[in-house]
Amino acid sequence: MSTVTPSASANAFPASAADKNVRRLSPLYATDLYYSYFDKGQTSMSVAYEDGSAHKFELLKRYEDKDTGFIAASFINRDDGHAVLLYKGMDRPFSDQGGGRFRFLKHVWTIAQGHMNGYSAEHKNAENAYFETMNNPAVKDMEIGGFSMGTMFSNYLAAKYDAKATVFADLGISDRQLAQIFNERAKNEPTSVAPAHGLDTMIQKMRENVTVLKMKGDLLPQIFALGASRGRIIDIDHGPEDPGGIEHNPAIYSNRAEIIEASLGLPNFIRGLVPKIA
């Protein structure tokens, strides 16, 4: 098996990664996978693919860097080798979620760096986890996702490597960073697109690579956004309102997604036969 590695350029794209960037998971179930593991501690769960078929995923590896505060987890379907890598959002302030009551300050610094230059030590952690997952011999193909702060890394990798991503509580990505990534990729990939049209090209790529689950009642992404949500947007503004009025909670996204799943009909079949938490 050939090993996929990032090149020396900060934003270069290894062409061999393209074949492994595959979306199979129904975007609505990305919230279930995230919430089941990061909030409920489940390491095995059944979710639906886009074709409606049910598949069991189990924890492949947990990533954690105590110095930067970075946390992610990869999951794999052993039957077909498809993997999902999810990036955790910021810790709730003063809440010990495994890294102490002040780890959220590291996450605040990461978001600040995202605003300043679009890159941070946690972005490097995210990139390393992406390539480690991709190079795992058990992984045939993969996709990524993230909540809140974790969407920064998902958007970055979708732009940089054409990773297929599902994001919720999306902080977006700046036009400046998209243009920068286009220019870096153009140095390493043949392209007929003029630099003046680079941003338009990257925006189109983001629509192809990223799915955004959006709730108007989640105010925090609007406050901390790095830029616009550039992916394909699915509105999940349905169901009872969060009493706090903020709705920045993976559980609410998961519940709202379930309402949409039910409205589509097919996921009722999935829930009737295979529990989402196996």
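The values are calculated or read from the model by the stated rules, or taken from the named source; none is laboratory data. Not measured: the values here are computed from a predicted model. As a convention, Cβ positions derive from the backbone with ideal geometry for all residues, glycine included, and neighbour counts pool all protein chains shown.
Worth a mention:
Quick grid of which residues meet (1) within 17 Å of the chain's Cα centre (by Cα); (2) crowded, with 20+ Cβ neighbours inside 10 Å; (3) at positive phi:
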| site | (1), (2), (3) |
| --- | --- |
| Ser26 | yes, yes, no |
| Tyr34 | yes, yes, no |
| Met45 | no, yes, no |
| Glu50 | yes, no, no |
| Leu59 | yes, no, no |
| Glu64 | yes, no, no |
| Thr68 | no, no, no |
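- Of the helices (runs of 4 or more DSSP H) lying entirely inside the range 109-205, the ones with 2 or more residues being over 24 Å from Arg23 (Cβ atoms) are found at 121-135, 175-188.
- The range 135-159, subset surrounded by 24 or more Cβ atoms within 10 Å (Cβ to Cβ) and of a type in the set (A, V, I, L, M), residue nearest to Ile203 (Cα to Cα): Ala159
- Meets criteria (touching a strand residue (DSSP E or B) at 6+ places or on another chain (Cβ under 7 Å), among the β-branched types (Val, Ile, Thr) and in contact (Cβ under 8 Å) with a residue 40 or more places away in the chain) for Ile144: yes
- Among the residues listed as Asp218, Asp170, the single one being modelled with pLDDT under 90 and among the acidic types (Asp, Glu): Asp218
- If you filter the range 69-100 down to residues that are at pLDDT 80 or above and among the aliphatic types (A, V, I, L, M), you find that the one that is nearest to Lys140 (Cα to Cα) is Ala83.
- Being of a type in the set (Lys, Arg) and modelled with pLDDT of 75 or more is a condition met by no residue of the range 259-277.
- Condition check for Met116 on (1) modelled with pLDDT under 95; (2) buried (at least 23 other Cβ atoms within 10 Å of the Cβ): one failure, at (2).
- Sole exception among (1) surrounded by fewer than 19 Cβ atoms within 10 Å (Cβ to Cβ); (2) free of Cβ contacts under 8 Å to residues at least 24 places away in the same chain for Gly198, by number: (1)
- Restricting the range 221-258 to residues that are of a type in the set (Val, Ile, Thr) and part of a loop (DSSP other than H, G, I, E, B), the residue that is modelled with the lowest pLDDT: Ile246
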